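Asks: Dumping the structure here so I can ask a few things about it.
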Amino acid sequence: MRLQGRVALITGTGSGIGRATALRFAAEGARIVGVDIAPSNEETVDAVRAAGGEAIAVRADVAVESDVAAAFGRAEAEYGGIDVAFNNAGIMLDADTDAIATADETIDRTFGVNVKGVLYGCRYAVEAMRRRGGGSIINTASFVASVGAATPQIAYTASKGAVLSLTRELAVVHARENIRVNALSPGPLRTEMLMSFLDTPEKRHRRLVHVPMGRFGEADEMASAALFLASDDSSYMTGANLQVDGGLTAAYVTPE
Ligand code: NAD
């Protein structure tokens, strides 16, 4: 029960990492505020409750500041404060390709959700955590913030680089307020986001050859890493980029 008595606001709880983390944090004793734009969020909250946990669902678009403010306001009103904010919601658009072909609207939407959405989450988390006396903020970046892909999604990649750098700066600014800010950089995962995109064995193989472990990661494995960053187990960590990627960012030549 590493999060006993804590309140965790998680974005993107309708699917993938966010859903797995909501279930995991609740099993560790946290009360969950699940934030998502999709109706599937209600199913996640039902699943948390069915497993004996406490959770509320908030419909919000993280790219809209007033939605984010309302979500944090609801969390404080219902549960009295926020100890953990996991800014995890993110998008990768089909029209996002290389620097020549990617249209402004694709870049703007990607940055709206992946960068401004995370920044808004940090803004309201810092304010709430000041009232609480501290807390842990976790921002989901990606391995593509650290290594280049010849299968480009330039807006997505740039947005995740921004998540890493804003995470570092916030960590330093708020370090003496007992507020920790860390990034989680997943490798390629077997979640809806990537599998709907890698829809042929060839596309999947093109990626897997670069992963030393030779398999995609699971959302549950990201939930374990997020739990570490959320809990006091990581009490001396801030400004870090936790890379949970099957060895991808460490690799040059991978095993046959
Ligand atoms: P997913 O698509 O399974 O889940 C993302 C969730 O975010 C969905 O429920 C979606 O409705 C929600 N969401 C999207 N836009 C939103 C918005 N504007 N406001 C509120 N909610 C919104 O994806 P996932 O694989 O669980 O990804 C979670 C995070 O992990 C993302 O930031 C993603 O970029 C990152 N990531 C994923 C992978 C991967 O391989 N899947 C790898 C590295 C990083």
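Asks: Checking the conditions here, which among Ala63, Ala57 is within 15 Å of the chain's Cα centre (by Cα), within 15 Å of the ligand (Cβ to nearest atom) and surrounded by fewer than 24 Cβ atoms within 10 Å (Cβ to Cβ)?
Replies: Details: Ala57 fails: within 15 Å of the chain's Cα centre (by Cα).
Being within 15 Å of the chain's Cα centre (by Cα), within 15 Å of the ligand (Cβ to nearest atom) and surrounded by fewer than 24 Cβ atoms within 10 Å (Cβ to Cβ) holds for just one of Ala63, Ala57, which is Ala63.
Asks: When you look at Ser159, is it within 10 Å of the ligand (Cβ to nearest atom) and not in a helix (DSSP H, G or I), yes or no? Lay out the reasoning, then the answer.
Replies: On the way: within 10 Å of the ligand (Cβ to nearest atom): yes; not in a helix (DSSP H, G or I): no.
No, not satisfied.
Asks: Please work out which residue is least open to solvent (accessible area, probe 1.4 Å), limiting yourself to segment 217-240 and to residues that are of a type in the set (Asp, Glu) and under 18 Å from Asn87 (Cα atoms). Write out each step before concluding.
Replies: The initial filter retains those residues of segment 217-240 that are of a type in the set (Asp, Glu), namely 218, 220-221, 232-233.
Next cut, under 18 Å from Asn87 (Cα atoms) only: 220-221.
Numbers: Asp220: 103, Glu221: 71 Å².
Per the stated criteria, the residue is Glu221.
Asks: Sticking with this structure for a sec: Which count do you get for residues in segment 17-54 that are touching a residue at least 40 places away in the same chain (Cβ under 8 Å) and open to solvent by 10 Å² or more (accessible area, probe 1.4 Å)?
Replies: To start, the set of residues in segment 17-54 that are touching a residue at least 40 places away in the same chain (Cβ under 8 Å) comprises 17-21, 23-25, 28, 30-31, 33, 35-37.
Among the residues that remain, those that are also open to solvent by 10 Å² or more (accessible area, probe 1.4 Å) are: 17, 19-20, 23-24, 28, 31, 36-37.
Final tally of qualifying residues: 9.
Asks: Let me ask you something else. Note down all Cβ pairs under 8 Å where the first residue falls in segment 186-215 and is more than 14 Å from Gly16 (Cβ to Cβ), the second is within 12 Å of the ligand (Cβ to nearest atom) and among the small types (Gly, Ala, Ser), and they're at least six residues apart or on different chains.
Replies: Val211/Gly187; Val211/Gly246; Pro212/Gly246; Met213/Gly246; Gly214/Gly246; Arg215/Gly246
Asks: Between residues in segment 145-157 that are free of Cβ contacts under 8 Å to residues at least 24 places away in the same chain and residues that are part of a helix (DSSP H, G or I), which pairs lie under 8 Å by C-beta distance while being six or more apart or on different chains?
Replies: Taking only residues 6 or more apart or on different chains, the pairs are Gly148/Thr157; Ala149/Thr157; Thr157/Val144; Thr157/Ala145.
For every residue, the table says whether it meets (1) over 25 Å from Thr238 (Cα atoms); (2) assigned to a helix (DSSP H, G or I); (3) open to solvent by 50 Å² or more (accessible area, probe 1.4 Å).
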| position | (1), (2), (3) |
| --- | --- |
| Ala99 | yes, no, yes |
| Ile107 | yes, yes, yes |
| Gly117 | no, yes, no |
| Val126 | no, yes, no |
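Yes/no per residue for (1) over 22 Å from Ala99 (Cβ atoms); (2) within 9 Å of the ligand (Cβ to nearest atom); (3) surrounded by fewer than 23 Cβ atoms within 10 Å (Cβ to Cβ):
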residue: Gly134; (1), (2), (3): yes, no, yes
residue: Ala141; (1), (2), (3): no, yes, no
residue: Ser146; (1), (2), (3): no, no, yes
residue: Ala150; (1), (2), (3): no, no, yes
residue: Ile154; (1), (2), (3): no, no, yes
residue: Pro186; (1), (2), (3): yes, yes, no
residue: Ser196; (1), (2), (3): yes, yes, yes
residue: Arg206; (1), (2), (3): no, no, yes
residue: Arg215; (1), (2), (3): yes, no, yes
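Asks: So which of Arg6, Arg74 is out of contact with any Pro (no Cβ under 7 Å at 6 or more places or on another chain), basic (Lys, Arg) and open to solvent by less than 60 Å² (accessible area, probe 1.4 Å)? Show your work before the answer.
Replies: On the way: Arg74 fails: open to solvent by less than 60 Å² (accessible area, probe 1.4 Å).
Residue meeting the stated conditions: Arg6.
Asks: Find the strands (runs of 3 or more DSSP E) located wholly in segment 1-71 whose residues include 1 or more that are more than 19 Å from Leu184 (Cα to Cα) and not β-branched (Val, Ile, Thr), and list them. So that I can check it myself, show each step before the final result.
Replies: On the way: elements: 7-11, 31-36, 54-59.
The qualifying strands (runs of 3 or more DSSP E) are 31-36, 54-59.
The values are calculated or read from the model by the stated rules, or taken from the named source; none is laboratory data. Here the structure is a predicted model, which is why all the values come from computation and not from measurement. Note that each Cβ is placed from the backbone with ideal geometry, even for glycine, and that neighbours are counted across all protein chains shown. Just so you know, the surface numbers come from the protein's heavy atoms only, side chains and all, with ligands and any DNA or RNA stripped out. Shrake-Rupley method; radii C 1.70, N 1.55, O 1.52, S 1.80 Å.
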